[in-house]
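My questions will all concern the structure given below.
The values are calculated or read from the model by the stated rules, or taken from the named source; none is laboratory data. Owing to the predicted nature of the structure, the values given are computational and were not obtained by experimental measurement. Backbone-built Cβ (ideal geometry, glycine too); neighbour counts: all protein chains shown. When the accessible area is computed, the model is the full protein with side chains, heavy atoms only, and any ligands, DNA or RNA have been set aside. Shrake-Rupley method; radii C 1.70, N 1.55, O 1.52, S 1.80 Å.
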Amino acid sequence: MTEAERAQNVMRLILTLRSRGVTDPAILRAFETIDRGLFVTGIFADRAYEDTPLPIGCGQTISQPSVVALMTEALEVTPRDKVLEVGTGSGYQAAILSRLARRVYTVERHRPLIAEARALFARLDLHNITAIATDGSFGLPDQAPFDRIIVTAAAEDPPGPLLAQLRPGGIMVVPVGQTDTVQSLIKVRKTEQGYEYEELRPVRFVPLLEGMARD
Ligand code: SAH
């Protein structure tokens, strides 16, 4: 694919996102500067600019761009924020967040996915992302608290350790529900008094699993 074709494909994706109601200029700019085509390899590469989830390595999936946009919007990221993402996968969501936040920590239980994502972050000069191979169900205690936490795998409930690692005033976005059924995207706001929950829309994610994968 030539550079001109790439640019054209990215613009096509931006138009799709706009037609699906994404309006935030900073978020659209982030999608413009991060080429999704780099995060999808193999036989699905030619579908990278469609608004659809696609298979990546280790039996996982890269999320649908409009869902990445919606979750990013719900997270209300500011340039001062330290963000934790649980579920690096391809690294695409982390790359989008890195254009909006001060610092992004992203964790993944499949080591090969972390290696690939790190290589892409370096290639794209995204130096404010730290990608770590670890079980994210327990968050990242060493770096807590976080201003924002995004979970891109479905949990049965918003995980307690993650709620605990959210700064007061912080926001967490997490798909909640059983595997293999439709889950609900939940936005949690931590206040001095407790937690406020808002249900955003039905989504479908791979499950949040405990422990490292054996690969
Ligand atoms: N955000 C990704 C999509 C992630 S798919 C992207 O932009 O491409 C969900 C990912 O969560 C999978 O890669 C899966 O391995 C990972 N995951 C599931 N349980 C996890 C856990 N406990 N800790 C860390 N990662 C986990």
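Any idea how many residues of region 89-133 are under 23 Å from Pro158 (Cβ atoms), within 12 Å of the ligand (Cβ to nearest atom) and open to solvent by 40 Å² or more (accessible area, probe 1.4 Å)?
Total meeting the criteria: 2.
Can you say whether Ala74 is over 10 Å from the mean Cα position of the chain (by Cα), small (Gly, Ala, Ser) and part of a loop (DSSP other than H, G, I, E, B), as far as the supplied structure shows?
When the stated conditions are applied, Ala74 does not pass them.
What about Ala94, is it assigned to a helix (DSSP H, G or I), of a type outside the set (D, E, K, R) and under 15 Å from the mean Cα position of the chain (by Cα)?
So Ala94 passes the test.
Sticking with this structure for a sec: Taking the condition of being in a loop (DSSP other than H, G, I, E, B) and surrounded by 24 or more Cβ atoms within 10 Å (Cβ to Cβ), how many residues in region 77-86 meet it?
Within region 77-86, residues that are in a loop (DSSP other than H, G, I, E, B) and surrounded by 24 or more Cβ atoms within 10 Å (Cβ to Cβ) number 1.
Among the residues of region 144-161, is there at least one that is assigned to a strand (DSSP E or B), open to solvent by 40 Å² or more (accessible area, probe 1.4 Å) and touching a residue at least 24 places away in the same chain (Cβ under 8 Å)?
No, every residue in region 144-161 fails to be assigned to a strand (DSSP E or B), open to solvent by 40 Å² or more (accessible area, probe 1.4 Å) and touching a residue at least 24 places away in the same chain (Cβ under 8 Å).
Return the only residue of Ile171, Ile186 being modelled with pLDDT of 95 or more, open to solvent by less than 60 Å² (accessible area, probe 1.4 Å), away from the ligand (no atom under 12 Å from the Cβ) and under 19 Å from Gln64 (Cβ atoms).
Ile186
Looking at region 53-76, I want the residues that are farther than 17 Å from Leu38 by Cβ and have a partner that is open to solvent by 50 Å² or more (accessible area, probe 1.4 Å) and more than 9 Å from the ligand (Cβ to nearest atom) with Cβ atoms under 7 Å, at least 6 apart or on another chain. Which pairs are those?
Cys58/Asp215; Ser66/Arg20; Glu73/Asp24; Ala74/Leu200
Is there a residue being touching a helix residue (DSSP H, G or I) at 6+ places or on another chain (Cβ under 8 Å), farther than 17 Å from Val206 by Cα and part of a helix (DSSP H, G or I) anywhere in region 49-64?
No - not one qualifying residue is present in region 49-64.
Table: residues versus (1) at pLDDT below 95; (2) farther than 23 Å from Arg18 by Cβ; (3) of a type in the set (D, E, K, R).
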residue	(1), (2), (3)
Gly37	no, no, no
Thr52	no, no, no
Val68	no, no, no
Glu85	no, yes, yes
Tyr92	no, no, no
Ile114	no, yes, no
Phe121	no, yes, no
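Would you point out which residue out of Ile14, Ile43 is surrounded by 15 or more Cβ atoms within 10 Å (Cβ to Cβ), assigned to a helix (DSSP H, G or I) and among the β-branched types (Val, Ile, Thr)?
Just one listed residue meets the conditions, Ile14.
Please go through region 189-208 and pick out each residue that is within 16 Å of the ligand (Cβ to nearest atom) and open to solvent by 80 Å² or more (accessible area, probe 1.4 Å).
Listed by number, the list holds a single entry, Arg204.
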